[in-house]
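Peer 1: Okay, handing you the structure first.
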């Protein structure tokens, strides 16, 4: 159902780098979990509407008035690297 | 000041002692700091104890008593370390947030701070609240004070163990699939998950946003109501929060006359341990003695709730945890070659095995080609689970079940098999899928370990649940306190814990 190649592909999508032993272990664990999850396929849900959210909340709006947000200093306080009041990151690949 | 037993003191009594001037907040706080000094090396409930803050702030409350009066003033509390606290590190028990210093405070925490509670510290949890034993913490394993060889449950295991061990008067936790109720059950205390939306999630580090709820872990149902009163309400910073239709009332009921309680047959068919089943049956008999009636009901899609949850929660988690990328906060890997290298190594170093597992399941479930069969289907199953509850609750006032299929299990006994760990939450997960409120109260011991009794109600029925739980708690009269014994025998990895001899 899910093999090591699938695990590598999904890990890439998830921005995780897995070692080979992790890939092998993950493939086994995910296969077992997904087999359990596959129990859902017993149900005919063709006419059932999906639930994304339990409350009947509609869009919540507020007056569009400027108000103070996080200060630049606070926003950058936990940043691993800062330069010129910006988050500093390595170059794109 | 009379000697106070932190293993038995309730907030209700502590508050009266404070108001009557029989004890100061500083003295009360010292009771807990002393207990932390005495038992924390064995229990390890806290990631960080804020000694200085607790001592200083409680003294300030005493000194400025006129200005700092209020229903919670001076009462010490523990906070689960996935709620951000300005000026106090918040780790989510993850390496990726090792030194994270929040620049704002979660609304639920802000509400208790504004009422002058004294924060004792931040409690341990499964990393990002993903787990049922607190063994997924990246920092430490918390031990259950009823038997130090067993787990306290999870993910709010630190909060539950702290309260049970007398290291806190009460605590805040969060519940995504049972993470308040299950550890409360395993530690012999009260834990409540309010209706989805009742408590603001602002500042609760998101795991699964459509399921997460903050709630109290306390030593009594009265205390649970007292704390809940002050954390509920609409918050402009959480668009999914709503005002309760009526205020939370402090419970006083002693009888259950006319109360109709439904017992879902499916919850008793999931391998409930005999000792847990016996305490549950006794509690049901007690409800009838107290004027209630119990009838069997059916929640036919129960067996599909766990599979649906293990798609929906990881799917939401995989999206929520995408923010941990080494750019704005948290861990960043050393010497990244480029941006992609930084993302991948930062996340691989920062997240533990269970968090990676759930990110993988979630990413898989949301990926092209698998979306309809997994996430789409899980959302439809969620509708069926909700309909089950709606249909059942039309005929009864509350639903009762064991909180967990077993009592506290040995540390290490389920870590090798993720699915066996997931099964801990079989009686609590459907409640989160439906967004309903539920409480767990201790209903006795099985082989020396606490058993939890769960009451579930319709949305916004917190008062009904609290009244019934309060009456039942009085009748049960759960009196034992944890012994801090250590049964010592650690089960071999992968071996399922057998029923205790």
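Peer 1: Of all DSSP beta bridges located in chain B, what percent are antiparallel, nearest 5?
Peer 2: Rounded to the nearest five, the antiparallel share is 70 percent.
Peer 1: Where the eigenvalues come from the Cα gyration tensor of chain B, what are the semi-axes √(5λ) of the equivalent ellipsoid, largest first, in whole Å?
Peer 2: Equivalent ellipsoid semi-axes, largest first: 30, 29, 22 Å.
Peer 1: With a point put 7 Å past each Cα toward its Cβ, work out how far residue B:13 is from residue A:4 in nm, to one decimal.
Peer 2: Reported label-point gap for residue B:13 and residue A:4 is 6.1 nm.
Peer 1: Related question: Can you give the calculated 222 nm mean residue ellipticity of chain B, where each DSSP H run of n ≥ 4 adds -39,500 (n - 2.57) and the sum is split over every residue, rounded to the nearest 500 deg cm²/dmol?
Peer 2: Taken over chain B, the calculation gives -11000 deg cm²/dmol.
Peer 1: In terms of the ratio Rg/(2.2 N^0.38 Å) built on C-alpha atoms, what value belongs to the protein assembly as shown?
Peer 2: Taking N as the residue count of the protein assembly as shown, the ratio is 0.93.
Peer 1: Within the protein assembly as shown, what percent of beta bridges assigned by DSSP are antiparallel, to the nearest 5?
Peer 2: Counting DSSP beta bridges with both partners in the protein assembly as shown, the antiparallel share is about 70 percent.
Peer 1: Would you calculate the convex hull of the Cα atoms in the stretch B:430-475 and tell me its volume per residue in Å³?
Peer 2: Per-residue hull volume (Cα only) is 60 Å³.
Peer 1: Let me ask something else. Partner chain Cβ atoms within 10 Å, averaged over the residues of A:47-59 - can you pull that number for me?
Peer 2: 6
Peer 1: Now a separate question. Principal axes first, then extents: for the Cα atoms of the stretch B:1-63, list largest minus smallest coordinate on each axis, whole Å, largest first.
Peer 2: Projected onto the principal axes, the Cα atoms of the stretch B:1-63 cover 34, 25, 17 Å.
Peer 1: Please report, to one decimal in angstroms, the Kirkwood hydrodynamic radius of the stretch B:304-382 built from all distinct Cα-Cα pairs.
Peer 2: Averaging 1/r across every pair of different Cα atoms and inverting gives 13.5 Å.
Peer 1: Expressed as a whole percent, how much of the Cα-Cα distance distribution for the stretch B:213-343 exceeds 16 Å?
Peer 2: Summing the P(r) tail past 16 Å for the stretch B:213-343 gives 81 percent.
Peer 1: What Kirkwood radius, in Å to one decimal, follows from the Cα pairs of the stretch A:1-43?
Peer 2: Mean inverse Cα-Cα distance, inverted, gives 10.9 Å.
Peer 1: Scattering from the C-alpha atoms of the stretch B:397-453 alone, worked out with Debye: what is log10 I(q)/I(0) at q = 0.16, 0.20 1/Å?
Peer 2: Here log10 of I(q) over I(0) equals -0.58, -0.85.
Peer 1: I've got another one for you. Taking every pair of distinct Cα atoms and averaging 1/r, then inverting, what Kirkwood hydrodynamic radius in Å comes out for the stretch A:49-90?
Peer 2: Evaluated on the stretch A:49-90, it is 14.6 Å.
Peer 1: Cα axis of helix A:4-13 to longest principal axis of chain A: angle in degrees, 0 to 90, nearest 10?
Peer 2: 20 degrees
Peer 1: Suppose R0 equals 25 Å; then what is the FRET efficiency for residue B:447 and residue B:284 from their Cβ-Cβ distance, rounded to the nearest 0.05?
Peer 2: Between residue B:447 and residue B:284 the formula returns 0.75.
Peer 1: Taking the Cα-to-Cβ direction at residue A:81 and at residue B:323 and moving 7 Å from each Cα, how far apart do the two end points lie in nm?
Peer 2: Roughly 2.3 nm, to one decimal.
Peer 1: Turning to a different aspect of this structure: I'd like to know how the stretch B:206-278 sits against the 2.2 N^0.38 Å rule of thumb: what's its Cα Rg over that expected value?
Peer 2: 1.52
Peer 1: I've got another one for you. Using square roots of five times the C-alpha gyration tensor eigenvalues, list the equivalent-ellipsoid semi-axes of the stretch B:37-145 in whole Å, biggest first.
Peer 2: Value: 26, 16, 11 Å, ordered largest first.
Peer 1: Here is a follow-up. From Cα pairs below 8 angstrom and at least 6 apart in sequence, can you work out the relative contact order of chain B, rounded to a whole percent?
Peer 2: Once normalised by length, the contact order is 18 percent.
Peer 1: Let me ask something additional. In terms of the ratio Rg/(2.2 N^0.38 Å) built on C-alpha atoms, what value belongs to chain A?
Peer 2: Cα Rg divided by the expected 2.2 N^0.38 Å: 1.82.
Peer 1: At what distance in angstrom do the alpha carbon centres of the stretch A:33-93 and the stretch B:253-296 lie from each other?
Peer 2: 40 Å
Peer 1: May I ask for the angle, rounded to the nearest 10°, between helix A:20-37 and the longest principal axis of chain A, with both axes built from Cα atoms and the value confined to 0 to 90°?
Peer 2: That works out to roughly 70 degrees.
Peer 1: Would you mind getting me the FRET efficiency between residue A:31 and residue B:269? Use the beta-carbon distance for r and R0 = 35 Å, nearest 0.05.
Peer 2: Once rounded, the FRET efficiency stands at 0.85.
None of the figures in this text is laboratory data; all of them are computed from the coordinates on show. Fair warning: this is a prediction, and the values are worked out from it, not measured in the lab. So basically every Cβ, Gly included, is an ideal-geometry build from the backbone, and we count neighbours across all protein chains shown.
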